[in-house]
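One structure below.
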Amino acid sequence: MRTLGIDPGISAVGWGVVDEKNGGLCLAAYGCISTTSSSSFPEKLKEIAGEIARIIFEYKPSAVSIEEPFFAKDAKTSLRMGEVVGAIMLCALNTGIEVKGYSVSEIKQAVVGFGRADKKQVQNMVKVLLSLDKAPQPYDAADALAAAICHQNSRGVISSQLKA
């Protein structure tokens, strides 16, 4: 199974593709979509949706795992995050791909074993679980890979890796 993990944001969206092979996980690709600061919000949504559609077309995941937005300090930011997540979900759903959302604490629990882990801990465990030479950068991409790992874990794919 191939899972596309997504860490949504307004100015940066992390993404990562993880494959399940023989009961383990391996990295296919990862990156970060950065929107132009001078763009209007609708233009940013268009940029994000276009890139997500391109990634789905290129990597052909069978599932999309997305970090659910948390409450921001102000209502406007919370609403904008919801719109970003909605645009991303629509891209996946329009191609018939399964979409599953996970809270930040669920993702951290699945990857680190502690729901309040910091970004560095998540980044380092992603490196370990995917047998990478170095930790994925930036944090947005590492968080997206963690979301993909969380989805695979929820299916029981990597339970043996996490127990080792």
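The values are calculated or read from the model by the stated rules, or taken from the named source; none is laboratory data. Quick caveat, the model's predicted, so the values are computed rather than measured. For neighbour counting, all protein chains shown are included, and Cβ atoms are generated from backbone atoms with ideal geometry for every residue, glycine included.
So for the range 67-80 (the condition being farther than 17 Å from P138 by Cα, out of contact with any Pro (no Cβ under 7 Å at 6 or more places or on another chain) and in contact (Cβ under 8 Å) with a residue 40 or more places away in the chain), does at least one residue qualify? Yes, the range 67-80 contains at least one residue that is farther than 17 Å from P138 by Cα, out of contact with any Pro (no Cβ under 7 Å at 6 or more places or on another chain) and in contact (Cβ under 8 Å) with a residue 40 or more places away in the chain.
Of all residues in the range 12-27, count the ones that are of a type outside the set (V, I, T) and either surrounded by 15 or more Cβ atoms within 10 Å (Cβ to Cβ) or touching a Pro at 6+ places or on another chain (Cβ under 6 Å) (or both). Number of matching residues: 9. Across the range 27-62, the qualifying residues are those that are hydroxyl-bearing (S, T, Y) and more than 19 Å from A146 (Cβ to Cβ), and the one among them that is nearest to the chain's Cα centre (by Cα) is S34. Taken over the range 128-146, the criterion of being assigned to a helix (DSSP H, G or I) and out of contact with any Pro (no Cβ under 7 Å at 6 or more places or on another chain) is satisfied by V128, L129, Y139, D140, A141, D143, A144, A146. Every test in (1) under 17 Å from S11 (Cβ atoms); (2) in a loop (DSSP other than H, G, I, E, B) is passed by I88 save one, and that test is (2).
In the range 91-127, which residue that is in a loop (DSSP other than H, G, I, E, B) and of a type in the set (A, V, I, L, M, F, W, C) is surrounded by the most Cβ atoms within 10 Å (Cβ to Cβ)?
Kept after step one, since they are in a loop (DSSP other than H, G, I, E, B), are these residues of the range 91-127: 94-97, 103, 113-118.
Next cut, of a type in the set (A, V, I, L, M, F, W, C) only: 97, 114, 117.
On the way: I97: 17, F114: 13, A117: 20.
Ranking the candidates gives A117 first.
Residues in the range 39-85 that are crowded, with 16+ Cβ neighbours inside 10 Å, part of a loop (DSSP other than H, G, I, E, B) and at pLDDT below 95: E68, P69.
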